[in-house]
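For reference, the structure discussed in these notes is given below.
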Ligand code: FCB
């Protein structure tokens, strides 16, 4: 019988992604810790607590990564550990990160370091957080400079900011992230701009400190489509959402000019081109947009799901692999290397994840056949972790975790990912064993 294989480049990065607050434990100096203490803010009253115990022993999971044949991992640095009090930098915290990154390298795992992943030192939020450019920009720049100098010999792959669009929308419009003020469209777009400016300034200082640095950003993109076929207003609203959410930030960065949707809100800072050496894509799902006259702030559209489609746990999102290729195609126009810096789903019983992995990686494989410069894939996430306002209920890990006992167990999807990483390929034998229902479609 003929056998089929999807081969990936030999030097392809097979990794996982995590964020400091979600895995380290006891990040007591940031805005999330404070927020978690109030009932009603987090699903089920959950708290991050000791999280996945990474501050004490991330190395135990790094060993597990070796068992899964991973050659890359994306993690983030917690600003509030490095600078718990404004202007006071904690040498021990920097040393701990240095140890972690060295630990990854020694295991043959290339680290990618994110400098801002949703959390702020509590003092920064007290001072207005990301709403005021004059306040936040010099402070972020100083933190970045300090951190990059200290970690210069163990990292050169930097991701300045994680999902500026999600952070701004969830905080200033969605009431899902602290301090969750009353929704304010103008303020949200002002924060978009301040994050763009922060990236540009961070990139400049990183290049100065470390000329060999490769700098990127992790950009969250969702497919927006009109709910009703041939309904022109649904389509227009979906376009508006796409422009604001998917395009405005990236276009400002790539063109070195504020996107027209942001101009009104931009600080008095000149943008420049060339701040990105690569683009990180965080891709999860597709959304259905229904025109709503009363929802100006969300592009005159509601955000819904298409009925009858495959959904992950808690209706987190539709499983829509084709959208990954759609986004890679769009990004290809920028002619920069792309890393898929996040992709995954909540699936506590792991009945969907093996098929999810195969179907999404097949889209990545197609992109590579089209000669799009896709360099790596970082699955979200290595181990179940503290999922922000969703608490512990959403299980994104290749390993399951009982946060009480800290016991982990490899899920079937984890074993599959390990096999894929080992051979840098997906074989028909893997598909037959892990997701037999896909046999008819994967190799077509
Ligand atoms: C992304 C975040 C990440 C995690 C996943 C599920 O938007 O960057 O921290 O919460 O979603």
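What tally of residues in segment 347-372 results from selecting those that are assigned to a helix (DSSP H, G or I), surrounded by fewer than 23 Cβ atoms within 10 Å (Cβ to Cβ) and within 16 Å of the ligand (Cβ to nearest atom)? Total meeting the criteria: 1. When residue 279 is tested against (1) surrounded by 15 or more Cβ atoms within 10 Å (Cβ to Cβ); (2) within 16 Å of the ligand (Cβ to nearest atom); (3) modelled with pLDDT under 95, only condition (3) is not met.
Given the condition crowded, with 16+ Cβ neighbours inside 10 Å and touching a strand residue (DSSP E or B) at 6+ places or on another chain (Cβ under 7 Å), answer yes or no: does some residue in segment 387-398 qualify?
Yes: segment 387-398 contains one or more residues that are crowded, with 16+ Cβ neighbours inside 10 Å and touching a strand residue (DSSP E or B) at 6+ places or on another chain (Cβ under 7 Å).
In the set (1) away from the ligand (no atom under 13 Å from the Cβ); (2) over 23 Å from residue 45 (Cα atoms), the condition left unmet by residue 404 is number (2).
Among the residues of segment 287-302, those that are at pLDDT 95 or above and either crowded, with 20+ Cβ neighbours inside 10 Å or out of contact with any helix residue (DSSP H, G or I) (no Cβ under 8 Å at 6 or more places or on another chain) (or both) comprise 287, 288, 289, 291. Out of curiosity, is residue 142 closer than 30 Å to residue 187 by Cα, away from the ligand (no atom under 16 Å from the Cβ), surrounded by fewer than 18 Cβ atoms within 10 Å (Cβ to Cβ) and modelled with pLDDT of 95 or more? Yes. State whether the residues of segment 373-395 include one that is without any contact (Cβ under 8 Å) to a residue 40 or more places away in the chain, within 25 Å of residue 157 (Cα to Cα), away from the ligand (no atom under 14 Å from the Cβ) and out of contact with any helix residue (DSSP H, G or I) (no Cβ under 9 Å at 6 or more places or on another chain). No, there is no match, as no residue in segment 373-395 is without any contact (Cβ under 8 Å) to a residue 40 or more places away in the chain, within 25 Å of residue 157 (Cα to Cα), away from the ligand (no atom under 14 Å from the Cβ) and out of contact with any helix residue (DSSP H, G or I) (no Cβ under 9 Å at 6 or more places or on another chain). Whether a residue is surrounded by 15 or more Cβ atoms within 10 Å (Cβ to Cβ) and either part of a loop (DSSP other than H, G, I, E, B) or within 20 Å of the chain's Cα centre (by Cα) (or both) was assessed, and residue 38 does not pass this test.
Inside segment 289-346, residues that are farther than 30 Å from residue 373 by Cβ and not in a loop (DSSP other than H, G, I, E, B) make up a count of 14. The one condition from (1) surrounded by 15 or more Cβ atoms within 10 Å (Cβ to Cβ); (2) modelled with pLDDT of 95 or more; (3) not in a helix (DSSP H, G or I) that residue 174 does not meet is (2).
If you go through segment 1-30 and keep only what is farther than 30 Å from residue 362 by Cβ and either away from the ligand (no atom under 15 Å from the Cβ) or modelled with pLDDT under 95 (or both), you end up with 25, 26, 28, 29. The set of residues in segment 79-103 that are crowded, with 22+ Cβ neighbours inside 10 Å and not in a helix (DSSP H, G or I) contains only 83.
The values are calculated or read from the model by the stated rules, or taken from the named source; none is laboratory data. Please read these numbers as outputs of a predicted model, since none were measured by experiment. Note that we place each Cβ from the backbone using ideal geometry, even for glycine, and neighbour counts take in every protein chain shown.
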